[in-house]
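Visitor: Let me give you the structure first, and then I'll get to my questions.
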Amino acid sequence: MNAVSPVGGEGPLAMLCGGGSLPLAVAERVTTSGRSVLLFPLRGAAEGTEVERFPHHWVHIGQIGKFMRLARAAGCRDVVFIGSLVRPSLWQVHPDLKGLSVLPRVIAAYRGGDNHLLTGMGKVLEHDGFRLLGAHEVAPEILIPEGILGRTPASERDHADIALGLDYLHTAGKFDIGQAVVVAGLHVLAVEAAEGTDAMLARVAEMRTNGRVRAPSGTGTLVKAAKPAQDRRFDLPSIGPKTVEGVVRAGLAGIAVVAGSTIVAEPEQLATAADRANIFVLGVSPGPEK
């Protein structure tokens, strides 16, 4: 029997949705390709988005049985996790009976970084016959290509900062922490941890205001890259117009991300915002393994 391609798929695509615009961008691209979607927006994460434009069922984190029952009833086999989600504490999880039955595996998955946690949750669904896919597998056009997005180029100084940022992320990523760093003048200004990219950029902006950043305004780069051993079905780095806003407030020169493994949900809007602010957005090669 011929294998089913992730893009074409078999039956509707089930999408477990966090916050932000990425779930909508992926849902729109999948439906445009001719495949139907069924969204499962997560309570506490997806409120305020427009997920209700698509067929959907709201679920709480931990309602694994409800998700499985509704997904199977709709004929879904393929599942995508997409959207922003603040890592919940175990006390914020609302398990149903199925969730309680796999609680020991959930607790074990919590003993590690985000990649370890998400992979563990994926294994729970795979054990019950679902197929976990990355958002880029069902909508490959959401990945940023190599080269400049927009009109503004990066300078030689920017490229030196980018190289240092990629080197740092490759090393730090082995510890399953952070996907982003800010580098200016070959000096690491900030690294991303649990707060996320937007909050990290806000921290850099505050440091500039307080005189803690010596690099001139308009210098420095936000660099983002997936972790070396990351399960690429989950939580690939992403950028959008909001990232540009944060970079501008932080007084940086631009954004560099790894081409082919970074999601951009609204490329036209992002390029327009970057050109308006005169900052560069660059898709780069990951470089050689260290």
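The values are calculated or read from the model by the stated rules, or taken from the named source; none is laboratory data. Being a predicted model, the structure only gives us computed values, none of them experimental. Neighbour counts are summed over all protein chains in view; Cβ atoms, including those assigned to glycine, are modelled from backbone coordinates with ideal geometry.
Visitor: Only one residue in Leu39, Leu70, Leu24 is in contact with a Phe, Trp or Tyr (Cβ under 6 Å, 6 or more places away or on another chain), modelled with pLDDT of 85 or more and on the phi < 0 side of the Ramachandran plot, so which one is that?
Guide: Residue meeting the stated conditions: Leu39.
Conditions (1) within 22 Å of the chain's Cα centre (by Cα); (2) of a type outside the set (A, V, I, L, M, F, W, C); (3) over 19 Å from Glu146 (Cβ atoms), marked per residue:
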site	(1), (2), (3)
Ala194	yes, no, yes
Thr197	yes, yes, yes
Arg203	yes, yes, yes
Gly211	no, yes, yes
Pro241	yes, yes, yes
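Visitor: So which of Asp96, Asp78 ends up being at pLDDT below 90, among the acidic types (Asp, Glu) and surrounded by 13 or more Cβ atoms within 10 Å (Cβ to Cβ)?
Guide: Values: Asp78 fails: at pLDDT below 90.
None of the others qualify; the one that does is Asp96.
Visitor: Next question, about the same structure. Hey, any hits in the stretch 244-267 for a residue that's under 9 Å from Gly150 (Cβ atoms) and surrounded by fewer than 17 Cβ atoms within 10 Å (Cβ to Cβ)?
Guide: No, that holds for no residue.
Visitor: Identify, please: which residue in the stretch 120-145 is more than 18 Å from the chain's Cα centre (by Cα) and at pLDDT 90 or above and is, among those, farthest from Val281 (Cα to Cα)?
Guide: As a first pass, look at the stretch 120-145 and keep what is more than 18 Å from the chain's Cα centre (by Cα): 123-131.
If we keep only those that are at pLDDT 90 or above as well, we get 129-131.
Numbers: Gly129: 40, Phe130: 36, Arg131: 34 Å.
Among those that are more than 18 Å from the chain's Cα centre (by Cα) and at pLDDT 90 or above, it is Gly129.
Visitor: Picking from Leu125, Leu132, which residue would you name as being touching a helix residue (DSSP H, G or I) at 6+ places or on another chain (Cβ under 6 Å) and among the aliphatic types (A, V, I, L, M)?
Guide: Values: Leu125 fails: touching a helix residue (DSSP H, G or I) at 6+ places or on another chain (Cβ under 6 Å).
Only one candidate passes the filter, namely Leu132.
Visitor: Looking at the stretch 217-236, which of its residues are under 26 Å from Arg157 (Cβ atoms), touching a strand residue (DSSP E or B) at 6+ places or on another chain (Cβ under 6 Å) and surrounded by fewer than 24 Cβ atoms within 10 Å (Cβ to Cβ)? Walk me through how you get there before you give the answer.
Guide: Of the stretch 217-236, the ones under 26 Å from Arg157 (Cβ atoms) are 217-226.
Cutting the leftovers down to touching a strand residue (DSSP E or B) at 6+ places or on another chain (Cβ under 6 Å) gives us 219-225.
Answer for the stretch 217-236, where residues must be under 26 Å from Arg157 (Cβ atoms), touching a strand residue (DSSP E or B) at 6+ places or on another chain (Cβ under 6 Å) and surrounded by fewer than 24 Cβ atoms within 10 Å (Cβ to Cβ): just Thr219.
Visitor: Next up: Test Ala27 against the criterion of being small (Gly, Ala, Ser) and in a helix (DSSP H, G or I), and give yes or no. Show your work before the answer.
Guide: Numbers: small (Gly, Ala, Ser): yes; in a helix (DSSP H, G or I): yes.
Spelling it out, Ala27 is indeed small (Gly, Ala, Ser) and in a helix (DSSP H, G or I).
Visitor: So, in the stretch 151-188, of the ones that are surrounded by 23 or more Cβ atoms within 10 Å (Cβ to Cβ) and not in a helix (DSSP H, G or I), which residue ends up modelled with the lowest pLDDT?
Guide: Gly178
Here's the yes/no breakdown for (1) in contact with a Ser or Thr (Cβ under 7 Å, 6 or more places away or on another chain); (2) over 13 Å from Gln179 (Cβ atoms); (3) of a type in the set (S, T, N, Q):
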residue: Val204; (1), (2), (3): no, yes, no
residue: Val223; (1), (2), (3): no, no, no
residue: Leu236; (1), (2), (3): yes, no, no
residue: Pro241; (1), (2), (3): no, yes, no
residue: Val244; (1), (2), (3): no, yes, no
residue: Val257; (1), (2), (3): no, no, no
residue: Thr272; (1), (2), (3): no, yes, yes
residue: Asp275; (1), (2), (3): yes, yes, no
